[in-house]
Structure formats: C-alpha cells, structure tokens
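What follows is a set of notes on a single structure, which appears directly below.
Values in this text are rule-based calculations from the coordinates and carry no lab data. Please read all numbers here as calculations on a predicted model, not as lab measurements. For neighbour counting, all protein chains shown are included, and Cβ atoms are generated from backbone atoms with ideal geometry for every residue, glycine included.
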Amino acid sequence: MTPYNGGAMKRFLPLLLLAALPARADPFEHDCMIEARQAIEIRSPVEAVIEQVKVRRGDAVTRGQVLVELAAGPERAALNLAKSRAEASGEIKSAQARVDIAQKKADRALELFKQNFISANSRDEALAELQLATEELRRASENRQINELEAKRAGEVLAMRTIRSPLNGVVVEVLLKPGEFGAITFKDPIMRLAEIDPLHVEVVLPVSAYGRVKVKQRATVTPEAPVGGTYQTTVKVVDPVVDAASGTFGVRLELPNAKRLIPAGVRCKVRFQ
C-alpha cells in the first residue's frame, strides 16, 4: 500500500479544481455582422415613362452597365437636329471665301496705292471690306461653337434617359416595370442594388477593448452556418467616438468577396490578431 502524501495532494488540488471549471469564452472573439459595402436605390433623374428594364433580380451588374431605358423620342430628335447644325460648315466656308477675296483686294489696293494708281479712299474701302469679311467669319465661327455646345447639351439631356449602374454589384430588387412612370419624387425607386465585393464586417466592442484594435490590424472572420469557413480581413475603421450610453465603440473590417460566396446580412464571429 502506498502511503498517503498530504503535501502532494495540496499542490495538485488547485490544478484539479481549475481543470473542472468550464472553459471561458475567448475574450478576443466577438459577434459581428457581414453587410454589403453599400446599398443604393436607383431612381429616375427625370420624369419619364420607363421603356425598358434591362436587368432582373439577382443579376450581377458592372459600373456603367445600362439598367433602364426611359422614353426619349423628343430628346433624340433634338440631339440629331443640334448635331446637324453643329456639323454644318457652309456658313464658315462662305465667310472664309469672302475673307480670302477681300484679302486679295486689300493687298492689291495697298500695292496700287503705293504706286499712286488709286486714291486713299479706294484703299480704305478695300481695307474696310476685309475687316467686315473677317468679322463675318468670326461670327460664323462663334455660331458654330454655340451649335456644338447645343449639341453637347442635347446629348447630356438624352443621356439622362439612360440609367446606368454606379457600382459593381448585384440587383437586390426590381420595383418598377416598363410602361410605369419613373421619377425622382416617387416613393418607390426603380430598383435596388448592393455592392458585395468587398463586404463590410461591422463589430461593436466594449470600451475596455479601445486601443487594442487598430486600423490595418488583421482579423479572422467566421460566418455562421451554413456559410461557414474562415476568412482573413483587415480593420478599416475604428470609431473615434465611444457611445457613452452603452460603453461601446464600432469597428469596421473589409472582407474581399470576389467570388461572391459570402452573402450580405450573415452573422459572424471575429477574432482579432
């Protein structure tokens, strides 16, 4: 029989009690929420009837892609008319021809005046005719510039009838259909878009953690089931103001999502490194 060693038991008792205690939650792991980088509502910049909606719910869209075409018959006609005026060159060619003729007459008049073949009055008339022709050419050039500006303005007005995506993302919801009236003042937008690459991970931390989390710090995000997996992220924003009522502050991380495997709106856990 082994003799009882009371001293040894006293040394091992704290270790046994510690092993029997339940494991505490990781103090560096916190609840978080995965959100879209931005969600926007697409509205019409002008009051017009919707002619075509070129995307559907769930479609991926790229920046600059056409989403909606609005009725634009009068605007298209106005652009064609303005372009025709801007491209017309007959007035300038005619004015330039008159300047060329007047220049030759003035040169000849000056030469003849030096040789005393014509009077000063005839010379002055030739020079005045050149000045008048030059002024007409300048006026024709100004008119053409105005016509070009009118064509540009008409093009901008027509462009407002084509609504394009301001981001790379997905169509969350389409609310209006072709034939319905789209306007900026209406309660319902035409559609909603969300940018989901990259995603934002929002975390609310207790004030006791302030100073331990810094911008550019690495962290691991684990989305809840059934998404699952672990992803490396980077801290982008640490709120400089603490909410006094709750004693918390916010942190935002950026989560790449090029393959769009992670949906927005999923809860997660984050562990800062």
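Considering only Cα-Cα distances, which of the following residue pairs are longer than 20 Å: LYS54/LYS83; LYS54/LYS152; LYS214/LYS259; LYS236/LYS269?
Values: LYS54/LYS83 28 Å; LYS54/LYS152 26 Å; LYS214/LYS259 28 Å; LYS236/LYS269 17 Å.
Among LYS54/LYS83; LYS54/LYS152; LYS214/LYS259; LYS236/LYS269, the Cα-Cα distance tops 20 Å for LYS54/LYS83; LYS54/LYS152; LYS214/LYS259.
With +1 assigned to the C-beta of every Lys and Arg and -1 to the C-beta of every Asp and Glu, and no other charges, what is the dipole magnitude of the chain about the Cα centre in debye, to the nearest 20? Computed about the Cα centre, the dipole is about 1160 debye. Each label point was placed 7 Å from the Cα along the Cα-to-Cβ direction; for GLU29 and LYS177 their separation is 4.9 nm.
When only alpha carbons of the range 43-97 are considered, Rg and Dmax amount to 18.8, 62 Å. Each peptide in 47-57, 108-118, 248-258 was scored by the mean count of other Cβ atoms within 10 Å over its residues; highest first, the order is 248-258, 47-57, 108-118. The share of alpha-carbon pairs in the chain lying farther apart than 28 Å comes to 67%.
Computed on the range 73-159, with alpha-carbon pairs under 8 angstrom and 6+ residues apart, the relative contact order is 52 percent. Taking SER141, SER122, SER89 in turn, the Gaussian network model of the chain (Cα-Cα springs below 10 Å) assigns the largest fluctuation to SER122.
Given 0.36 nm per residue, what is the gain on full extension from ASP107 to ALA209 after removing their alpha carbon distance, in nm? Walk me through the numbers on the way to the answer.
Values: separation 102, 0.36 × 102 = 36.72 nm, distance 8.86 nm.
So the extension gain works out to 27.9 nm.
Which residue, chosen from ALA194, VAL66, GLN131, occupies the Cα position most advanced towards the positive end of the dipole of the chain, where the dipole is computed from +1 (Lys, Arg) and -1 (Asp, Glu) charges on Cβ about the Cα centre? Most positive-ward Cα: ALA194. Take the Cα of GLU135, step 7 Å toward its Cβ, do the same at ARG153, and the gap between the two points is 2.6 nm.
In the chain, helices alone account for a calculated mean residue ellipticity at 222 nm of -12500 deg cm²/dmol, with every DSSP H run of four or more residues adding -39,500 (n - 2.57).
Give the peptides 188-201, 230-243, 205-218 in descending order of average Cβ contacts within 10 Å, highest first.
Details: 188-201: 21.1, 230-243: 14.6, 205-218: 12.9.
Those peptides, ordered most packed to least, come out 188-201, 230-243, 205-218.
With a cut-off of 15 Å between beta carbons, the residues surrounding VAL251 carry a summed charge of +1, where Lys and Arg count +1 and Asp and Glu -1. Working from label points 7 Å from Cα in the Cα-to-Cβ sense, the SER119 to ARG56 distance is 8.8 nm. All Cα-Cα distances of the range 73-159, cut into 5 Å bins from zero to the largest, leave 3, 16, 16, 13, 11, 9, 9, 7, 6, 5, 3, 2, 1, 0 percent in each bin in turn.
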